[in-house]
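Enquirer: I'd like to ask some things about the structure below.
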Ligand code: SAM
């Protein structure tokens, strides 16, 4: 999951040269002019945005105009595009058109190098400053940023692999491609037929493409992928450049797991979406939808947001670590980085987001260390970039924490903790969100293409074509969600009075319990853990065990006082495989009818796609990892709802898809009983 950065040599004119590919990044005749000529103008961006804006009616889909670039490099093409986009927004302030930019890159420059490069072109500010502030320079996968009114997905990894990951789910529809790898002779991996087939499969009919290269092999490969090509005058000392138009995108064969196949969906740009449940998951989805211009009605039984498990105490932000490179590891890594970026970008985040770093002592992984030995630590350190975790001995851990600790462990330099009410206020401050507390939903009903959320009296609290369920335990009573497997986990946390010594604590410490730095004279100790227990009664035994475990982390346990200020308990929801339920809500009885034959032969392939409730989505069961998984979860659902390329690979979407349990059970020939039948 690590990547290698660009290795650059600086030329006399200050421009970078790639040591990996032995090639220049830009034309010496002028990088900005080249970018404008070869990419911006060749794809006629301004006139197409104008056209798209004029074509938008009240029922138009909320989907954006999509530009994708192979070879994001130093972001010059991106920043030129954003500059033009900002002018467009000024010219058409009422426009509901949005821009989504997908940047594919294998060796991103590190942040210092990018800063040095971008300093060459002060005219690219302020977008370049925006980008530098959020720019990730490590870790494979998709990093979603919001910069200059534009949504940017940086996909780090080999372009072919990244394209394959998004081509398979069939939800990507690019309007314009910038093909800007190093020259085909020096970098054939960026210009071959397989890659262009994937590119074609990720395109809209009518999509355009441009490149500075007119090499014969490139033209043949693009032609095979369906592009009508023409040569145009090139920039600088290049006589020609290439333009392409795609009338019919290539269709790729399904990957065999047709139950995960989703139909493209796009809410209309003026729709109001209902979200049920105002915990971390629901507030995050609401925020992601609202920033796309949709109106959101957010319902919750309680009077205030984050009144249940999400909001009873402090929440620690760290990355859930997985010791192999699989879908789960990639999801949590991407999600953690997304949360860090997202929280840091919210207004007044200093008041609720404390990015003080997080020390995870070995006790936190005691059973895994016992099973796998010290190789586990080495495995994790080899998989994750040092920006995610660093190894700590006891002295260093103590130094970082500001208190003498009993053990070493791992440090999450970008981690920290959140005060959930502050986060909720920042997420819900968006004018497109209407929060309605004291709104208990007891049933969902479908009527004339709309979802009705009904109160105990059978009255409709909301009617919407699109509805998101983020109310964990309650949703098991609603027919459409009744068979989603939820496990209840009771947790109790304890607030204790801080002591002069314990006030020195600077970071969050996660061991058998999490201990948070003092805030307003008390520490939060979180949390006891009881599976299949849904009692909200606070227990003395839980307070005692919270205190005992927290004290065990310290070399001088008495530094932590014993005076309890408050105890709170809540029920978190989880699933049998500990991954959340994220995606469209499957119609399980219909799925069972379609895929029942898997019980006879688990290797069967199907032509028919899965059956999903139209317009119904879920983000729930984030367990103890909600602070890291809900933000990206919200972005993912908002992308599905708005007909955008999701920020996740096909394999990750499958791992989170709520139908996974039914399919696994069928394949294992487990007896199935659906309450919906
Ligand atoms: N478009 C860039 C800009 O505006 O600054 C310059 C791009 S530079 C000419 C080519 C880029 O392609 C480099 O950043 C290089 O790391 C990237 N690249 C090369 N091979 C790649 C591959 N297989 N997958 C993804 N990116 C690749």
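Enquirer: Please count how many residues of the range 21-57 are touching a strand residue (DSSP E or B) at 6+ places or on another chain (Cβ under 6 Å) and assigned to a helix (DSSP H, G or I).
Expert: Summing the residues that are touching a strand residue (DSSP E or B) at 6+ places or on another chain (Cβ under 6 Å) and assigned to a helix (DSSP H, G or I) in the range 21-57 gives 3.
Enquirer: For the range 58-112, which positions are touching a helix residue (DSSP H, G or I) at 6+ places or on another chain (Cβ under 8 Å), within 15 Å of the ligand (Cβ to nearest atom), in a loop (DSSP other than H, G, I, E, B) and over 15 Å from residue 153 (Cα atoms)?
Expert: 109
Enquirer: Give the number of residues within the range 11-39 that are more than 11 Å from the ligand (Cβ to nearest atom) and touching a residue at least 24 places away in the same chain (Cβ under 8 Å).
Expert: So the count comes out to 8.
Enquirer: Just one of the numbered conditions (1) surrounded by 15 or more Cβ atoms within 10 Å (Cβ to Cβ); (2) in contact with a strand residue (DSSP E or B) (Cβ under 9 Å, 6 or more places away or on another chain); (3) not in a strand (DSSP E or B) is not true of residue 579; which one?
Expert: (2)
Enquirer: Hey, residue 219 hits all of (1) more than 28 Å from residue 264 (Cα to Cα); (2) free of Cβ contacts under 8 Å to residues at least 40 places away in the same chain; (3) crowded, with 17+ Cβ neighbours inside 10 Å; (4) within 15 Å of the ligand (Cβ to nearest atom) but one; which does it fall short on?
Expert: (4)
Enquirer: A further question follows. So, in the range 391-401, how many residues would count as being surrounded by fewer than 18 Cβ atoms within 10 Å (Cβ to Cβ) and in contact with a helix residue (DSSP H, G or I) (Cβ under 9 Å, 6 or more places away or on another chain)?
Expert: Initial filter on the range 391-401 (surrounded by fewer than 18 Cβ atoms within 10 Å (Cβ to Cβ)): 391, 393-396, 399.
Among the residues that remain, those that are also in contact with a helix residue (DSSP H, G or I) (Cβ under 9 Å, 6 or more places away or on another chain) are: 391.
Residues that pass the stated criteria total 1.
Enquirer: Scan the range 114-126 for residues that are under 27 Å from the mean Cα position of the chain (by Cα) and away from the ligand (no atom under 11 Å from the Cβ) and report the count.
Expert: 3
Enquirer: Taking the conditions exactly as written (in contact (Cβ under 8 Å) with a residue 60 or more places away in the chain, under 30 Å from the mean Cα position of the chain (by Cα) and within 22 Å of residue 43 (Cα to Cα)), does residue 262 satisfy them or not? Working first, answer last.
Expert: Values: in contact (Cβ under 8 Å) with a residue 60 or more places away in the chain: yes; under 30 Å from the mean Cα position of the chain (by Cα): yes; within 22 Å of residue 43 (Cα to Cα): no.
Criteria not met by residue 262.
Enquirer: Something else: Please count how many residues of the range 135-149 are farther than 24 Å from residue 187 by Cβ and modelled with pLDDT of 95 or more.
Expert: First, pick out the residues of the range 135-149 that are farther than 24 Å from residue 187 by Cβ: 144-149.
Then keep just the ones that are modelled with pLDDT of 95 or more; that gives 144-145.
Going through the range 135-149 one residue at a time, the tally reaches 2.
Enquirer: Which members of the range 523-537 meet the condition of being out of contact with any helix residue (DSSP H, G or I) (no Cβ under 9 Å at 6 or more places or on another chain) and surrounded by fewer than 16 Cβ atoms within 10 Å (Cβ to Cβ)?
Expert: Going residue by residue through the range 523-537, those that are out of contact with any helix residue (DSSP H, G or I) (no Cβ under 9 Å at 6 or more places or on another chain) are 524, 531-533, 535-537.
Within the range 523-537, 531, 532, 533, 535, 536, 537 meet the criteria.
Enquirer: To continue, here is another question. Of all residues in the range 166-176, which are within 16 Å of the ligand (Cβ to nearest atom), within 23 Å of the chain's Cα centre (by Cα) and in a strand (DSSP E or B)? Break it down into steps so the answer makes sense when it comes.
Expert: Let us first name the residues in the range 166-176 that are within 16 Å of the ligand (Cβ to nearest atom), namely 166-167, 174, 176.
Okay, now just the ones that are also within 23 Å of the chain's Cα centre (by Cα), so 166-167, 174.
174, the sole residue that qualifies.
Enquirer: Let me spell it out: the conditions are (1) within 15 Å of the ligand (Cβ to nearest atom); (2) closer than 25 Å to residue 319 by Cβ; (3) surrounded by 23 or more Cβ atoms within 10 Å (Cβ to Cβ), and residue 144 meets all of them except one. Which number is the exception?
Expert: Result: residue 144 passes all but (1).
Enquirer: Another question, if that's okay. Could you check the range 396-506 for strands (runs of 3 or more DSSP E) lying wholly inside it with 3 or more residues that are within 30 Å of residue 553 (Cα to Cα)?
Expert: Working: elements: 409-412, 416-418, 433-436, 443-447, 450-454, 460-464, 467-469, 487-497.
Passing ranges, in order: 409-412, 416-418, 487-497.
The values are calculated or read from the model by the stated rules, or taken from the named source; none is laboratory data. Because the structure is a prediction, the values reported are computed rather than measured. Note that we place each Cβ from the backbone using ideal geometry, even for glycine, and neighbour counts take in every protein chain shown.
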